[in-house]
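Peer 1: Submitted below is the structure of interest, expressed as structure tokens.
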Amino acid sequence: MGLTRRGLLMPLSAAAAMAAAVTVLVATAVPGAAASAGTSPGAPTSGAPTSDLPASAAPVPEAPVGEVVGAAPLPEADLSHHGYVSFSNGHIAIRIRSENLGPSDVTASTVRLRFSAPLAVTQELPYGCLRSGKATVLCETGGLRAGGGARQTALDLQPAGGPDEVIVRLDTVWNGGVRDTDPKNNVHQVLAPATGDAYAF
């Protein structure tokens, strides 16, 4: 099997929330200024007070804290990746259980696996996974319904150079554009010595 897979749709750019800047003009009193702005000595003071500020320079109402003006709120979901890593006889076995705890569905999700050692040039990758550099593999999970069943991903990889241990870093690089309410349960780092023991994440 080659290093790349043709025809694999792998969305890798996550949607970013837009931030709106709010400018508030503050009028400062100048020492020695006339008590009534816009009037001259001897002018009549009856009637409604006037302002020297043009209409375009009037103070801008301040938006509520945390509110992005003009942007629709992102749907919320909670992606979770758990499983184990074992390393023995030159093979790294990885099992991943991906699920969505809700409340919104996730249309697509991509998991990234980064290794402390480069991988051998030739790798047998499961369907939905591809190489992304010398020490990185990307795997798609497909759609994940809120509270639905988990998706399983199994990999058997070979590092280059015969290391005595590997560090595996796992995270989500695409979640369908939702806002993850608990990102801690989909970001992991595992140290696996070449002993064959299974290390959970």
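The values are calculated or read from the model by the stated rules, or taken from the named source; none is laboratory data. Note that the structure is a prediction, hence the values are computed from the model and not measured. With ideal geometry, Cβ positions are generated from the backbone for all residues, glycine too; neighbour counts draw on all protein chains shown. Only protein heavy atoms, including side chains, enter the accessible area calculation; ligands, DNA and RNA are left aside. Shrake-Rupley method; radii C 1.70, N 1.55, O 1.52, S 1.80 Å.
Peer 1: Take the residues of the range 167-191 that are assigned to a strand (DSSP E or B) and polar (S, T, N, Q): which is surrounded by the fewest Cβ atoms within 10 Å (Cβ to Cβ)?
Peer 2: Gln189
Peer 1: Determine which single condition Leu138 fails, assuming it passes every other condition in (1) open to solvent by less than 30 Å² (accessible area, probe 1.4 Å); (2) assigned to a loop (DSSP other than H, G, I, E, B).
Peer 2: Going through (1) open to solvent by less than 30 Å² (accessible area, probe 1.4 Å); (2) assigned to a loop (DSSP other than H, G, I, E, B) one by one, Leu138 breaks only (2).
Peer 1: Further, regarding this structure: If you scan the range 141-166, which residues turn out to be over 23 Å from Ser109 (Cβ atoms) and either within 21 Å of the chain's Cα centre (by Cα) or surrounded by 12 or more Cβ atoms within 10 Å (Cβ to Cβ) (or both)?
Peer 2: Those that are over 23 Å from Ser109 (Cβ atoms) and either within 21 Å of the chain's Cα centre (by Cα) or surrounded by 12 or more Cβ atoms within 10 Å (Cβ to Cβ) (or both): Gln158, Pro159, Ala160, Pro163, Glu165, Val166.
Peer 1: State the number of residues belonging to the range 87-119 that are open to solvent by 20 Å² or more (accessible area, probe 1.4 Å) and either closer than 17 Å to Asp197 by Cβ or in contact with a helix residue (DSSP H, G or I) (Cβ under 7 Å, 6 or more places away or on another chain) (or both).
Peer 2: Residues meeting the conditions: 6.
Peer 1: OK, next. Being of a type in the set (A, V, I, L, M, F, W, C) and not in a loop (DSSP other than H, G, I, E, B) is the filter; apply it to the range 144-166 and report the residue that is farthest from Tyr84 (Cα to Cα).
Peer 2: Once the filter is applied, the top-ranked residue is Leu144.
Peer 1: Shifting gears a bit: For the range 120-133, which residues satisfy the criterion of being over 21 Å from Ala198 (Cα atoms), aliphatic (A, V, I, L, M) and either touching a helix residue (DSSP H, G or I) at 6+ places or on another chain (Cβ under 6 Å) or open to solvent by less than 30 Å² (accessible area, probe 1.4 Å) (or both)?
Peer 2: Result: Ala120, single match.
Peer 1: Right, here's the next one. List pairs: first residue in the range 117-134 and touching a residue at least 60 places away in the same chain (Cβ under 8 Å), second residue in a loop (DSSP other than H, G, I, E, B) and among the charged types (D, E, K, R) anywhere in the structure, Cβ distance under 6 angstrom, at least six positions apart or on different chains.
Peer 2: Partner pairs satisfying both residue conditions: Leu130/Arg5.
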